[in-house]
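Data block below; observations after.
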């Protein structure tokens, strides 16, 4: 049986783009055998056509003129790998107008300006595929669209940003402060020169917007997501958490309660060291999904990098060539702009357990005062820890963990605690996230 | 946009069959919105049409006459959930001859008699889908066929049998012997009344045959797989392994070496307690896949049970209704009966680390004798452990772990060790499997 040939154009011959070309060269035969589709990289456009890449292209394929790709009617699928949200947006619109299906790894673009792009795609009767935009090589978009399509999803928990996870893992392992670990991560290439969008949680939220949209069947906007980054994480709290059996992760959380209200948030989270997500270390990503039929399913793999991301780009190309992507695209909730489940819970109404670290003068009655304030706001203490000895200025850190508490009660209690004359500085407050157990 | 209606027939209204009906009733609306396909369960055939199930069907749907289903031309997709390999085989052939695509969860049937069924399907221009046959609700068949299709797969490691994993987990946790844990598992419904095919490794091998066939692109027969079960596992060895940092699992292993030789085996395996598969407990399944682009990807979830398996059955129905399954089916290596990579490594030629426990008389020179025998066969010791004190008949267990060793050398050494006059009984020998690390 002969394989059908599908011609592809690629814009952006950087790291991931080179990876795509490398996969098509090295694994093209295997792909053709497995799927019946021979993928031909017919045109690659980049403004830099001289710097050597990890892969070399046949003569005539590389060009600095993107119109060569756009005008080639034989190219069915165009890949956008230029990044950013301005030029990339125009490019995707132009690709669609030229009659091409679009593959992109650009989560910022889709989560911030997807609506306009999806409309343009529907109008052009083409699709936009974005497996590579979330969690690198993990086929999670495909799992949510087809593999788990028999389920109503009640929750998803994810570690979506390799840079943050690398930093938190290394702080935990080495006991080194945030700034030093970030510097080391930059030196090793695990963090960008400007890591703002990673460490402030924005990148994680971009991915949550896309995946939660698929999981819960509604269009999610960035403003629907509460975001705290890891920039203020202190090593003392990681250590205290460890002592109590917790590991600190930057989690993306999407939960749908019994009444159908959605809670979407990204924040540093203590998770039990027993939960599988606690073991996801370094630059790896993972997604834990709860479905009403399947129970708990977890996916784990490299969240970024040349080849892992390129693996997902090529998976998207295959789905488009098979016709699956196109058929599902026009049904996607973010595309139909449906917001049926779009009943979003305010962060104030979230119920969570909390970890508190309060620095106070080492004097009698401190614990009693904390207890009074917390009790007044209906907050029940589940654990407490105070090490002997005191720090500079004879202050001592007291660590308190709470039973499930409404966020707004905690905010009020924190406000009051901070005003106690014995308390030094702002108490540290980190959510403890209890990932449901799918037990025997 | 209206959803297209697809009619489905189901034969076998047992546990999984009831789960399928339940999903279609409870999640049908969600599925239609997500995929554009409205699934209608038009006919359910079972010889027992009186016992109440967890779900009730509309009047006229349940029948004890399978021909009602076969003769209904409006039914496009037929689900075989009767189990076994004799009646089920005839049934699948009849379904195909009646022009229906077939969905089955029957790994025994496909791994043992797939060739004939695939030929019949190709002839009838229909497909056979089997997501539910491997690892319950984990979408691993789909991942290997499309999600990871950009990769050349070098290895897969899996925990595929919930009964064995439940037994090993509980032996490890409670320190109870195999027979007692098996009994308790049967009482709780985690093991069949006749658990032979589970504990002897056959069920795991059935799944390995299917998944390794997809991963490595060749038809795999049961005779190509070396199989050892868990029936002889002793609690002492689990304990010794724990002390040395290992967890005992029944692993399915598929590895392709640099020369393209395939090693396929199922056996009790010590894995490092650090490796993610070590944390897969109880009735859960997991699959760890290594691809040349994606690196390591792991999938985790419920390997069996009514709803998890039904989730996979419905995922297959969706893929067929989308047209994906049909297009990929005729390419599947087991279907085309390709055996291109079918260069199988003999178990004698496998190189592995080993754990040995040798019972011997407590007398001077024992260690030296072991060392001589192992050294003579070129086997290098990597660790040794002997606890003080001796057991009945003043015998002492000595535990030795080796560096990587060819199986045939180990077999020869064991043979010789067993003949030493100081040695009591047959030494215990368990492979230590080093799952590759995909490190930063």
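Filter region B:34-76 down to the residues that are within 14 Å of chain A (Cβ to nearest Cβ) and either within 32 Å of the chain's Cα centre (by Cα) or at pLDDT 95 or above (or both), then identify the one that is surrounded by the fewest Cβ atoms within 10 Å (Cβ to Cβ). Break it down stepwise before answering.
Filtering region B:34-76 for residues within 14 Å of chain A (Cβ to nearest Cβ) gives B:34-39, B:41, B:54-55.
With either within 32 Å of the chain's Cα centre (by Cα) or at pLDDT 95 or above (or both) added as a condition, the list becomes B:34-35, B:37-39, B:41, B:54-55.
Numbers: B:34: 24, B:35: 23, B:37: 21, B:38: 18, B:39: 24, B:41: 23, B:54: 11, B:55: 18.
It comes out as B:54.
Among residues of region A:181-209 being more than 15 Å from residue A:232 (Cβ to Cβ) and free of Cβ contacts under 8 Å to residues at least 12 places away in the same chain, the one that is surrounded by the most Cβ atoms within 10 Å (Cβ to Cβ) is A:186.
Residue A:144 meets the stated requirement of being within 14 Å of chain B (Cβ to nearest Cβ), more than 12 Å from the chain's Cα centre (by Cα) and either at pLDDT 95 or above or in a helix (DSSP H, G or I) (or both). If you filter region A:275-289 down to residues that are surrounded by fewer than 24 Cβ atoms within 10 Å (Cβ to Cβ) and more than 9 Å from chain B (Cβ to nearest Cβ), you find that the one that is farthest from residue A:133 (Cα to Cα) is A:275. Residues that are more than 28 Å from residue A:334 (Cα to Cα) number at least 3 in the following helices (runs of 4 or more DSSP H) confined to region A:160-264: A:162-174, A:178-187, A:235-243. For first residues located in region B:384-397 and modelled with pLDDT under 80, partners that are in a loop (DSSP other than H, G, I, E, B) and lie 6+ apart or on another chain with Cβ distances below 7 Å form the pairs B:390/B:362; B:394/B:362.
Could you tell me whether residue A:409 is closer than 23 Å to residue A:435 by Cα and either in the same structural domain as residue A:264 (by TED's automatic domain parsing) or without any contact (Cβ under 8 Å) to a residue 40 or more places away in the chain (or both)? Break it down stepwise before answering.
Numbers: closer than 23 Å to residue A:435 by Cα: yes; either in the same structural domain as residue A:264 (by TED's automatic domain parsing) or without any contact (Cβ under 8 Å) to a residue 40 or more places away in the chain (or both): yes.
The answer is yes for residue A:409.
Taken over region A:99-125, the residue count meeting the criterion of being without any contact (Cβ under 8 Å) to a residue 40 or more places away in the chain and outside any helix (DSSP H, G or I) is 5. Residues in region A:126-140 that are within 13 Å of another protein chain (Cβ to nearest Cβ) and farther than 15 Å from residue B:324 by Cβ: A:132, A:134, A:135, A:136, A:137, A:138, A:140. Within this structure, residue B:414 passes the test of being in contact with a strand residue (DSSP E or B) (Cβ under 8 Å, 6 or more places away or on another chain), outside any strand (DSSP E or B) and surrounded by 14 or more Cβ atoms within 10 Å (Cβ to Cβ). Among the residues making up region A:290-317, those that are facing chain B (nearest Cβ under 8 Å) and in a strand (DSSP E or B) are A:291, A:295, A:296, A:297, A:298, A:299, A:300, A:301, A:302.
Evaluated against (1) at pLDDT 90 or above; (2) more than 24 Å from residue B:111 (Cβ to Cβ); (3) surrounded by fewer than 19 Cβ atoms within 10 Å (Cβ to Cβ), residue B:367 falls short on exactly one condition, (1).
Let me confirm something: among B:124, B:177, which residue is surrounded by fewer than 22 Cβ atoms within 10 Å (Cβ to Cβ), more than 24 Å from residue A:319 (Cβ to Cβ) and outside the structural domain of residue B:284 (by TED's automatic domain parsing)? Talk me through it step by step, then tell me what you get.
Values: B:177 fails: outside the structural domain of residue B:284 (by TED's automatic domain parsing).
On inspection, the qualifying residue turns out to be B:124.
With respect to being in a helix (DSSP H, G or I) and more than 7 Å from chain A (Cβ to nearest Cβ), residue B:320 fits the description.
Among B:216, B:270, which is touching a strand residue (DSSP E or B) at 6+ places or on another chain (Cβ under 7 Å), buried (at least 23 other Cβ atoms within 10 Å of the Cβ) and within 28 Å of residue B:110 (Cβ to Cβ)?
From the options B:216, B:270, the qualifying one is B:216.
So which residues in region A:358-410 are part of a helix (DSSP H, G or I) and either closer than 22 Å to residue A:270 by Cβ or touching a strand residue (DSSP E or B) at 6+ places or on another chain (Cβ under 6 Å) (or both), if there are any at all? Outline the logic, then answer.
Going residue by residue through region A:358-410, those that are part of a helix (DSSP H, G or I) are A:366-376, A:392-394, A:407-410.
Residues satisfying the conditions are A:366, A:367, A:370, A:371, A:373, A:374, A:407, A:408, A:409, A:410.
The values are calculated or read from the model by the stated rules, or taken from the named source; none is laboratory data. From a predicted model like this one, the values you see are computed outputs, not experimental measurements. Here the Cβ is made from the backbone with ideal geometry for all residues, glycine too, and neighbour counts use every protein chain on show.
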